[in-house]
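Chemist: Have a look at this one before I ask anything.
The values are calculated or read from the model by the stated rules, or taken from the named source; none is laboratory data. Note that the structure is a prediction, hence the values are computed from the model and not measured. Here the Cβ positions follow ideal geometry from the backbone for every residue, glycine too, while neighbour counts run over all protein chains shown. Side chains are part of the model used for accessible areas, which takes the heavy atoms of the whole protein and leaves out ligands, DNA and RNA. Shrake-Rupley method; radii C 1.70, N 1.55, O 1.52, S 1.80 Å.
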Amino acid sequence: MSDCTVIIGASGGIGAALMREAQTRGAHVVALARSFDGVAHIDLEDEPSIAAAAEHIRAQGLIPSRVIVATGLLHADGKGPEKSLKDIDPAWMARNFAVNTIGPALVAKHFVPLMPRKAPALFAAIGARVGSISDNRLGGWYGYRAAKAALHMTIRNIAIEWGRRNDQSICVALHPGTVDTSLSKPFQGNVAEGRLFDAAYSAACLTNVLDGLQAADSGGIFAWDGTAIQP
């Protein structure tokens, strides 16, 4: 059995940067993404593909000590964040939950059982500061905000359940900042000077945060600079 780090969403801007950062630090990385073919394919809207990816890792004798879900949906196919109640579309809102909440929960369902049972183990998913209920001052973005808030609750639930079995486990959500990727591209005009981050910089910061976490931090939401975000 050998240790590995699993990056899900490794074809995206943040995911690819996290993959390269992990490799630079000497990790054996298993990179998975919806756009990848064969055993590297995973689709967070398709549970059988998640189960198959987990089974392939198990069959190779790999034990993931770190699993990072670096996926996210903010806009697609002409749809984007809602500005007001009149913009709410049930199908679009449901897809936000499918990708941003349910998908990471299904990854945990299939991957956490592969992770160390009595040793340090870390599961992380990309959350968002806009998913903080207490920090919401502007409103809008109904689907994305609600889905990320639900992800934060899901992370907390996983942390509690997993912690009962492995007191060295850590499960957290991560806020990467506003990163120069296709996800943030339509909204970069509103970003303050100096607050739009290169993906490599964000990935290095996030990895530093993960490396510094303790079991007592499990269930939390942490920004790229290490600060805790209130739910």
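Chemist: Select, from Gly177, Gly189, Gly80, Gly140, the only residue that is at positive phi and at pLDDT below 95.
Modeler: After applying the criteria, what remains is Gly177.
Chemist: Can you pull out every residue in segment 57-86 that is in contact (Cβ under 8 Å) with a residue 24 or more places away in the chain, open to solvent by 20 Å² or more (accessible area, probe 1.4 Å) and more than 30 Å from Asp3 (Cβ to Cβ)?
Modeler: His75, Gly80, Pro81, Lys83, Ser84, Leu85
Chemist: Ok, one more. Say we look at segment 122-145 and pick out the residues that are part of a loop (DSSP other than H, G, I, E, B) and among the charged types (D, E, K, R); which of these is least open to solvent (accessible area, probe 1.4 Å)?
Modeler: The extreme case among them is Asp135.
Chemist: Scan Lys109, Lys118 and give me the residue that is more than 16 Å from Ala173 (Cβ to Cβ), touching an Asp or Glu at 6+ places or on another chain (Cβ under 9 Å), among the charged types (D, E, K, R) and assigned to a helix (DSSP H, G or I).
Modeler: The match here is Lys109.
Chemist: Right, another one. Out of all the residues in segment 202-231, which are closer than 20 Å to Ala17 by Cα and not hydrophobic (A, V, I, L, M, F, W, C)?
Modeler: Passing the criteria: Ser202, Thr207, Asn208, Asp211, Gly212, Asp225, Gly226.
Chemist: Taking the condition of being in a helix (DSSP H, G or I) and either under 18 Å from Leu73 (Cα atoms) or small (Gly, Ala, Ser) (or both), how many residues in segment 35-54 meet it?
Modeler: 9
Chemist: Next question, about the same structure. Restricting to segment 146-164, and then to whatever is of a type outside the set (Gly, Ala, Ser) and crowded, with 17+ Cβ neighbours inside 10 Å, can you tell me which residue is nearest to Gly219 (Cα to Cα)?
Modeler: Once the filter is applied, the top-ranked residue is Arg156.
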